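The values are calculated or read from the model by the stated rules, or taken from the named source; none is laboratory data. Remember, it's a predicted structure, so these values are computed and weren't measured experimentally. For neighbour counting, all protein chains shown are included, and Cβ atoms are generated from backbone atoms with ideal geometry for every residue, glycine included.
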Amino acid sequence: MRDALAESDLLVDELVAADVLVIGTPLYNFGMPAALKAWIDQVVRLGRTVGLDESNPTDPYVPLLADRPRHAVILTARGGIGFGPGEAMAHMNHLEPNLVTALGFIGITCIHQIAVEGQEIGGELLTASVVRAQREVDALVTELQAALAAASPTRRALPPGSPTASCPSSAIPKRAAYTSSTDRQDDWWIRMRDVVEAFDMGRAVR
Ligand SMILES: Cc1cc2nc3c(=O)[nH]c(=O)nc-3n(C[C@H](O)[C@H](O)[C@H](O)COP(=O)(O)O)c2cc1C
């Protein structure tokens, strides 16, 4: 049993230590790729990232990573267009909503989302989407770096009993974990790594 849980333990340890999680993923068949789902299933762990409050049988789950603010940056690539929030195809996009729900379930609630669309359409549409996403990445890096600069040298733990972590501007991104559901190393994904590299302490990059 211990052997079976070893990989999960490693992934959970990495997540517990991280202040920023960066997920780079394509949209596959309206949801997440199997490899990313496998990662989710390894880190949503009873007793490690989710507690059980037996005095509350109708809603017993307690998010254990809500002890302090943690940021998640979700960077997605889509072949089609219109899958963003409020857009025509949004109801068919089960990728980011699934990730937001699963991460929130374990207590990661400071979530930033940036997408590139139109990879299968190409041309000017794709170029414009990449340029816009890169601008958003730059702005996000600046925002998170400012939060880092403003942060005190010690992590701010929330008082015991706090239901969820808030996302104050003074949230302290010091360590980053990175997970990518594909091995692609093209410009887009390398660019995405800038977000991780903005926080160069003790990160784990796979
Ligand atoms: C198996 C598969 C399923 C896909 N499903 C979708 C989809 O549902 N919606 C969409 O907009 N793009 C879809 N795409 C396109 C990808 O999201 C897009 O090409 C992305 O850039 C692929 O990233 P990758 O090359 O890192 O895998 C799919 C691609 C593949 C290979």
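Which members of the range 49-66 meet the condition of being assigned to a strand (DSSP E or B) and either of a type in the set (Phe, Trp, Tyr) or in contact (Cβ under 8 Å) with a residue 12 or more places away in the chain (or both)? Residues satisfying the conditions are 50, 51, 61, 62, 63. Of all residues in the range 67-102, those that are without any contact (Cβ under 8 Å) to a residue 40 or more places away in the chain and touching a strand residue (DSSP E or B) at 6+ places or on another chain (Cβ under 7 Å) total 3. When residues in the range 1-26 are screened for being within 16 Å of the ligand (Cβ to nearest atom) and touching a Pro at 6+ places or on another chain (Cβ under 9 Å), 2 of them pass. In the range 88-127, how many are buried (at least 18 other Cβ atoms within 10 Å of the Cβ), within 10 Å of the ligand (Cβ to nearest atom) and assigned to a loop (DSSP other than H, G, I, E, B)? Summing the residues that are buried (at least 18 other Cβ atoms within 10 Å of the Cβ), within 10 Å of the ligand (Cβ to nearest atom) and assigned to a loop (DSSP other than H, G, I, E, B) in the range 88-127 gives 5. Here residue 37 meets each of (1) more than 16 Å from the ligand (Cβ to nearest atom); (2) of a type in the set (Lys, Arg); (3) within 15 Å of the chain's Cα centre (by Cα) with one exception, condition (1). Pull up the range 103-132, narrow it to residues that are small (Gly, Ala, Ser) and out of contact with any Asp or Glu (no Cβ under 9 Å at 6 or more places or on another chain), then point me to the one that is nearest to residue 75 (Cα to Cα). In this case the residue turns out to be 118. Residues in the range 132-147 include at least one that is surrounded by fewer than 17 Cβ atoms within 10 Å (Cβ to Cβ), at pLDDT 95 or above, within 16 Å of the ligand (Cβ to nearest atom) and farther than 30 Å from residue 12 by Cα. When we screen 27, 64 for residues that are under 28 Å from residue 147 (Cβ atoms) and surrounded by 14 or more Cβ atoms within 10 Å (Cβ to Cβ), the only hit is 64.
When residue 45 is tested against the conditions (1) exposed (fewer than 15 other Cβ atoms within 10 Å of the Cβ); (2) without any contact (Cβ under 8 Å) to a residue 40 or more places away in the chain; (3) more than 17 Å from residue 117 (Cβ to Cβ), the lone failure is (1).
Counting only residues that are surrounded by fewer than 21 Cβ atoms within 10 Å (Cβ to Cβ), more than 16 Å from the ligand (Cβ to nearest atom) and part of a loop (DSSP other than H, G, I, E, B), the range 67-87 holds 2 of them.
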